[in-house]
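Asker: The structure's right below; bear with me while I get my questions together.
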Amino acid sequence: MRTHFPGRRRPALGAWIWWTAGFLAFPIAGLAGRAAVGPVDDAMSALVGGVVTGAVIGAAQALASSGRLSPPRWSAATAAGSGVGLALGATLVGYRTDLGSLALMGAAEGFLLGVAQASALPRAARIRWLWAAATPVLWAAGWTVTTLAGVGVDARFTVFGATGALTFSALSGVLLHALLPATAPGRTTTGSDSLREVDA
């Protein structure tokens, strides 16, 4: 089912800034995941913590998407991809927290997260597989930047910190615009292109 919202979307720069500002949800999501399971030190804590964290991040990203993403679908996909992905990635590296291990864990989680989120993109999305291909790299970058920034990753959080989140959000915002462009206010459109679509 599709819900159509008549009107204009945000200009490209405004949409990107709004999406990037969504990085603030990542620390909140990390705290929620830690409150739910404590440190990620076994498969169950990784799975449950990842689901909780992903649900918060997914909801925030959908709200920050300028109407381009369906909140229920995107939140569910992000929760599932993050939960299963974190469980896989953390197990793969033996719950180690050195830079190389966290980058590998991020890539593994990002792979499943990217596939899940790509499936939740609206039908209008261009070459959606690019999202699935880029997310492992961007998620690994998030953990890398966080580690290099000196954040206490030894605490085994469910997601990288604010510095990594800002990096991820800024870069993924560029990609989101390439797949689902925001329409500038001055643009005149006709037909279905003049409506915002959200798959439900």
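Asker: Mind listing just one residue for me: the one in the range 131-146 that is of a type in the set (S, T, N, Q) and buried (at least 23 other Cβ atoms within 10 Å of the Cβ) and, of those, farthest from residue 176 (Cα to Cα)?
Answerer: Applying the filter and picking the extreme gives 146.
Asker: Can you name every residue in the range 37-57 that is closer than 21 Å to residue 166 by Cβ and in contact (Cβ under 8 Å) with a residue 40 or more places away in the chain?
Answerer: 50, 53, 54, 57
Asker: Among the residues of the range 126-153, how many are within 19 Å of residue 86 (Cβ to Cβ) and at pLDDT below 95? Write out each step before concluding.
Answerer: Here is the first cut: in the range 126-153, the residues within 19 Å of residue 86 (Cβ to Cβ) are 131-132, 134-147, 151-153.
Now restrict to residues that are at pLDDT below 95: 151-153.
Within the range 126-153, residues that are within 19 Å of residue 86 (Cβ to Cβ) and at pLDDT below 95 number 3.
Asker: Does residue 98 meet the test of being acidic (Asp, Glu) and farther than 21 Å from residue 163 by Cα? Working first, answer last.
Answerer: On the way: acidic (Asp, Glu): yes; farther than 21 Å from residue 163 by Cα: no.
Spelling it out, it is not the case that residue 98 is acidic (Asp, Glu) and farther than 21 Å from residue 163 by Cα.
Asker: Is the range 119-132 home to any residue that is under 12 Å from residue 50 (Cβ atoms), assigned to a helix (DSSP H, G or I) and touching a Leu at 6+ places or on another chain (Cβ under 9 Å)?
Answerer: Looking through the range 119-132, none of the residues is under 12 Å from residue 50 (Cβ atoms), assigned to a helix (DSSP H, G or I) and touching a Leu at 6+ places or on another chain (Cβ under 9 Å).
Asker: In the range 147-163, which residue that is open to solvent by 20 Å² or more (accessible area, probe 1.4 Å) and in a helix (DSSP H, G or I) is nearest to residue 107 (Cα to Cα)?
Answerer: 147
Asker: If residue 102 passes every condition in (1) touching a residue at least 24 places away in the same chain (Cβ under 8 Å); (2) under 28 Å from residue 126 (Cα atoms); (3) not hydroxyl-bearing (Ser, Thr, Tyr) but one, which one does it miss?
Answerer: (2)
Asker: Further question: Looking only at helices (runs of 4 or more DSSP H) that lie completely in the range 4-95, which have at least 3 residues being open to solvent by less than 10 Å² (accessible area, probe 1.4 Å) and touching an Asp or Glu at 6+ places or on another chain (Cβ under 9 Å)?
Answerer: Result: 71-92.
Asker: Looking only at the range 164-179, which residues are small (Gly, Ala, Ser) and either surrounded by 17 or more Cβ atoms within 10 Å (Cβ to Cβ) or touching a helix residue (DSSP H, G or I) at 6+ places or on another chain (Cβ under 7 Å) (or both)? Break it down stepwise before answering.
Answerer: Going through the range 164-179, the residues small (Gly, Ala, Ser) turn out to be 164-165, 169-170, 172-173, 178.
Hits for the range 164-179 are 164, 165, 169, 170, 172, 173.
Asker: Please work out which one of (1) within 13 Å of the chain's Cα centre (by Cα); (2) touching a residue at least 24 places away in the same chain (Cβ under 8 Å) is the condition residue 34 fails and give its number.
Answerer: Only one criterion is unmet by residue 34, namely (1).
The values are calculated or read from the model by the stated rules, or taken from the named source; none is laboratory data. Just so we're clear, the structure is a prediction, and the values are computed from it rather than from any experiment. Note: ideal-geometry Cβ built from the backbone for every residue, glycine included; neighbour counts use all protein chains shown. Heavy atoms of the whole protein, side chains included, go into the accessibility calculation; ligands, DNA and RNA do not. Shrake-Rupley method; radii C 1.70, N 1.55, O 1.52, S 1.80 Å.
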